[in-house]
1. Of the residues B:34, B:74, which single one is crowded, with 19+ Cβ neighbours inside 10 Å, of a type in the set (Phe, Trp, Tyr) and more than 13 Å from chain A (Cβ to nearest Cβ)?
2. I'm checking my understanding of the structure. Among residues of the range B:87-112 that are more than 14 Å from the chain's Cα centre (by Cα) and in a loop (DSSP other than H, G, I, E, B), which one is farthest from the other protein chains (Cβ to nearest Cβ)?
3. Would you mind finding the one in A:50, A:35 that is within 11 Å of another protein chain (Cβ to nearest Cβ), at pLDDT 95 or above and out of contact with any Ser or Thr (no Cβ under 7 Å at 6 or more places or on another chain)?
4. Counting only residues that are part of a strand (DSSP E or B) and polar (S, T, N, Q), which one in the range A:53-85 is nearest to residue A:17 (Cα to Cα)?
5. In the range A:56-110, what residues are modelled with pLDDT of 95 or more, touching a Ser or Thr at 6+ places or on another chain (Cβ under 6 Å) and within 23 Å of residue B:4 (Cα to Cα)?
6. For the range A:58-111, enumerate the residues that are touching a residue at least 40 places away in the same chain (Cβ under 8 Å), basic (Lys, Arg) and more than 13 Å from chain B (Cβ to nearest Cβ).
7. Among the residues of the range A:31-52, is any assigned to a loop (DSSP other than H, G, I, E, B), of a type in the set (D, E, K, R), in contact (Cβ under 8 Å) with a residue 24 or more places away in the chain and exposed (fewer than 13 other Cβ atoms within 10 Å of the Cβ)?
Amino acid sequence: DVKVTQSSRYLVKRTGEKVFLECVQDMDHENMFWYRQDPGLGLRLIYFSYDVKMKEKGDIPEGYSVSREKKERFSLILESASTNQTSMYLCASSLRGGGYTFGSGTRLTVV
Amino acid sequence: AQSVSQHNHHVILSEAASLELGCNYSYGGTVNLFWYVQYPGQHLQLLLKYFSGDPLVKGIKGFEAEFIKSKFSFNLRKPSVQWSDTAEYFCAGSGNTGKLIFGQGTTLQVKP
């Protein structure tokens, strides 16, 4: 079974903190994605990556950055956390043209 | 721009009623389409997917969807819902780039 593991299930951070959300997949997938899920808005794509050291902006990249130094790991960085970034964050991976596997999510609260 | 939209945000049905959830997409070129379900407190699960071929796709738990290219639609159907189908349903699409875009989601509540 493909596994996508997100390091934290719940996280509480203070406004202005730098926050790292980690995602690791174990099936050698080329593509990795970060989404945030908010009620009534569905899942919105923040950033995605097709390969190591490669990144593309999604629909809502403002306030976020990403890092992909190794194929299996894709990190989402909140440079200076704000309360409007309180959300559920989902990581996913896929082969090119293949199905997508999602992690269990990180519920981030910024206070 | 690539987009996926779901018409119904909140649907309430009685058990044994038939279900149809709307999904429309806007993509240039090849499109792959998906329906996901998220039960309360659980991960996203894939219900079904369409890549090519037969436009009527059967998925898990008795769900099916029909790809109608002329209408840019990929509606999800189930002939008879159960209380256990209460969940949030997401339509999603990907094009040549592999970027997966989701609709806003539809919350389905099935009354026993």
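1. Residue meeting the stated conditions: B:74.
2. Here the residue is B:112.
3. A:35
4. Among residues in the range A:53-85 that are part of a strand (DSSP E or B) and polar (S, T, N, Q), the one nearest to residue A:17 (Cα to Cα) is A:65.
5. A:89
6. Scanning the range A:58-111 gives A:71, A:73.
7. No; the residues of the range A:31-52 include none that is assigned to a loop (DSSP other than H, G, I, E, B), of a type in the set (D, E, K, R), in contact (Cβ under 8 Å) with a residue 24 or more places away in the chain and exposed (fewer than 13 other Cβ atoms within 10 Å of the Cβ).
Conditions (1) touching a strand residue (DSSP E or B) at 6+ places or on another chain (Cβ under 8 Å); (2) farther than 17 Å from residue A:40 by Cα; (3) touching a residue at least 40 places away in the same chain (Cβ under 8 Å), marked per residue:
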| site | (1), (2), (3) |
| --- | --- |
| B:23 | yes, no, yes |
| B:47 | yes, yes, yes |
| B:58 | yes, yes, no |
| B:66 | yes, yes, no |
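The values are calculated or read from the model by the stated rules, or taken from the named source; none is laboratory data. What you see is a predicted model, and the numbers here were worked out from it, not measured in a lab. Every residue, glycine among them, receives a Cβ derived from its backbone with ideal geometry; neighbour counts consider all protein chains shown.
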